[in-house]
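Visitor: Dumping the structure here so I can ask a few things about it.
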Amino acid sequence: MDWSKFFIPTLKEIPIGTEAVSHQLLLRAGLVHMLTSGVYSYLPLGLRVLKRIENIIREEMNAAGAVELFLPVLQPIELWQRTGRDKTLAEVMIRFKDKKNRDMCLGPTHEEVITDLVKGFVQSYRQLPINLYQIQTKFRDEIRPRFGIVRACEFIMKDAYSFDKDKEGLKKSYELMYQAYKNIFKRCRLSPVIIEADSGAMGGDVSHEFLVTAPIGEDEVVLCPACGFASVEGDSRHPGQKCPQCAKEFLEKKTAIELGHVFQLGLKYSSALGANYLDEKGQEKPIVMGCYGIGVSRLIAAIVEMNHDAKGIIWPAEVAPFDVEILVLKTDEPQLMTLARQLEQELARRGLAVLVDERDESAGVKFNDADLIGIPFRVILGKKTLSDKTVEIKNRRSGAVQLVPVASAIEKTAECVGS
RNA sequence: CGGGGCGUAGCGCAGCUCGGCUAGCGCGCUUGCUUUGGGAGCAAGAAGUCGAGAGUUCAAAUCUCUCCGCCCCGACCA
């Protein structure tokens, strides 16, 4: 892919009205663009990151036995009245009337829709358990959108819903999701703290939040620097207190971003909406549910928040928009352009995503833009390539540079990216 | 919704206190020449409903009122 064709509107200066580093960098590197408060476009570079994160989530969800579907955003209020959440979620719900004067909303979440769907399909214990998920845009008229993509009114969420015949089944489904979440965050190079949490508007008994500590966090947690024990600051947990788990260190207070939340819902939605099944004895029972959310778009911001330096973003390899960026410093040298095309083709053949900066810009501009957008590896074709028949491979994160002969450039680059 | 700040070219800003010629600056953009390993140089250009509306005035980016939008701090959440 050529830089000049890929629409990467980088900004040299920090955009006005931005506070969070991730917000600034996502705007400056041309990944997202604000339309209005809390509403963002994903530009080509940002979309690639989003898709790669989605893929990680899909792989882990599928591996845990969940099945992907796609539910409607447009929903009748009538459905929400049946669980009473037209009132509890009234603040964030975007409502309007359609042409038939019917009250409608844009889905802030999907428990009602999925329960209604499953209700019509599941009649027997033989059809359970099932776990269905989607990656879908949610609409919440947030009281205060914040930190760019971290808290938006329109955002992308992975939401999964498990359906079991009893509490034992729910615990198994919950455990599977819990593990899948650990895998997902690990692959995104995030180390979340996990705390037992309030179920809030979702309802239910047990719930766990996955959070990463960050300066722009909206939640406050207390955690142990030694063993990683974490909790909300409550009646029995205070900063300065000895860790109740390892007793080695004192609890510290940190701000954190909530990335995911898993809930054991129980019967709340199934009983409200009449989602029942017949058990082995022919008795009708409500389905036992769980729900499991990840803020997919928010993950992008969290990853940037945890992976940057003064010059820009440093993408973890697995979510980077491209694997390699080739910088051609002298675009009017046919030799260099030919070499760049060969490298691009060969690396693509090996399954790598390659961005070629073939713009007629000064070297400084290209280096700075490359630092800003943060592709993990950079191959530089310049005067040394012409004089010494070498190319330079640079690691964005470590800054390590190696000069390699042109003849082995493909092998060496593939090796770097692969390791 | 309560408190604070802001709105002038694509981006970042000055000008506003104390009204006054054709509204400036940096970056970016266009054309030409020279440049090209860390945000190049010279020259010539294009680009503005000064957030919107109303008012005061001979005269408003500047003063007054109303509205709109954006950011930050609080309640909400992935």
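Visitor: Mind checking which residues of segment A:136-154 are in contact (Cβ under 8 Å) with a residue 60 or more places away in the chain, more than 7 Å from RNA strand B (Cβ to nearest atom) and among the acidic types (Asp, Glu)?
Guide: Scanning segment A:136-154 gives a single hit, A:154.
Visitor: Being in contact with a strand residue (DSSP E or B) (Cβ under 7 Å, 6 or more places away or on another chain), touching a residue at least 60 places away in the same chain (Cβ under 8 Å) and not charged (D, E, K, R) is true for just one of A:274, A:169, A:217, A:240. Which residue is that?
Guide: The unique qualifying residue is A:169.
Per-residue answers, yes or no, for (1) within 30 Å of residue A:176 (Cα to Cα); (2) free of Cβ contacts under 8 Å to residues at least 24 places away in the same chain; (3) within 14 Å of the chain's Cα centre (by Cα); (4) not assigned by TED's automatic domain parsing to the domain that holds residue A:128:
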residue: A:45; (1), (2), (3), (4): no, no, no, no
residue: A:48; (1), (2), (3), (4): yes, no, yes, no
residue: A:59; (1), (2), (3), (4): yes, yes, yes, no
residue: A:64; (1), (2), (3), (4): yes, no, no, no
residue: A:75; (1), (2), (3), (4): yes, no, no, no
residue: A:86; (1), (2), (3), (4): no, yes, no, no
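Visitor: Whether any residue in segment A:109-128 is of a type in the set (A, V, I, L, M) and part of a strand (DSSP E or B) is what I want to check.
Guide: The answer is no, given that none of the residues of segment A:109-128 is of a type in the set (A, V, I, L, M) and part of a strand (DSSP E or B).
Visitor: Of the conditions (1) farther than 25 Å from residue A:147 by Cβ; (2) in contact with a His (Cβ under 7 Å, 6 or more places away or on another chain), residue A:238 clears all except one; give me its number.
Guide: (2)
Visitor: Just one of the numbered conditions (1) loosely packed, with under 14 Cβ neighbours inside 10 Å; (2) touching an Asp or Glu at 6+ places or on another chain (Cβ under 6 Å); (3) of a type in the set (Val, Ile, Thr) is not true of residue A:92; which one?
Guide: So the condition that residue A:92 fails would be (1).
Matching residues to (1) crowded, with 21+ Cβ neighbours inside 10 Å; (2) farther than 28 Å from residue A:267 by Cα; (3) under 21 Å from the mean Cα position of the chain (by Cα):
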| residue | (1), (2), (3) |
| --- | --- |
| A:169 | no, no, no |
| A:178 | no, no, yes |
| A:189 | no, yes, yes |
| A:205 | no, no, no |
| A:208 | no, no, yes |
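Visitor: Within segment A:374-389, count every residue that is more than 7 Å from RNA strand B (Cβ to nearest atom) and either assigned to a helix (DSSP H, G or I) or not charged (D, E, K, R) (or both).
Guide: 8
Visitor: Something else now. Please go through (1) on the phi > 0 side of the Ramachandran plot; (2) within 16 Å of RNA strand B (Cβ to nearest atom) for residue A:25 and return the number of the only condition it doesn't satisfy.
Guide: Only one criterion in (1) on the phi > 0 side of the Ramachandran plot; (2) within 16 Å of RNA strand B (Cβ to nearest atom) is unmet by residue A:25, namely (1).
Visitor: Give the residues of segment A:183-208 that are among the β-branched types (Val, Ile, Thr) and modelled with pLDDT under 95, sorted by residue number.
Guide: Residues satisfying the conditions are A:193, A:194, A:195, A:206.
Visitor: If we keep just the residues of segment A:88-108 that are in a strand (DSSP E or B) and of a type in the set (A, V, I, L, M), which is farthest from the chain's Cα centre (by Cα)?
Guide: Looking at the filtered set, the residue picked out is A:104.
Visitor: Could you list, in sequence order, the residues of segment A:232-275 that are over 29 Å from residue A:288 (Cα atoms), away from RNA strand B (no atom under 16 Å from the Cβ) and hydrophobic (A, V, I, L, M, F, W, C)?
Guide: Passing the criteria: A:243, A:246, A:247, A:250, A:251.
Visitor: Looking at A:119, A:158, A:99, which one is more than 13 Å from RNA strand B (Cβ to nearest atom), charged (D, E, K, R) and buried (at least 17 other Cβ atoms within 10 Å of the Cβ)?
Guide: A:119
Visitor: Got at least one residue in segment A:231-251 being in the same structural domain as residue A:153 (by TED's automatic domain parsing) and under 27 Å from the mean Cα position of the chain (by Cα)?
Guide: no
The values are calculated or read from the model by the stated rules, or taken from the named source; none is laboratory data. Everything numeric here is computed off the predicted structure, so don't read it as measured data. Reconstructed Cβ throughout: ideal geometry from the backbone, glycine too, with neighbour counts over all protein chains shown.
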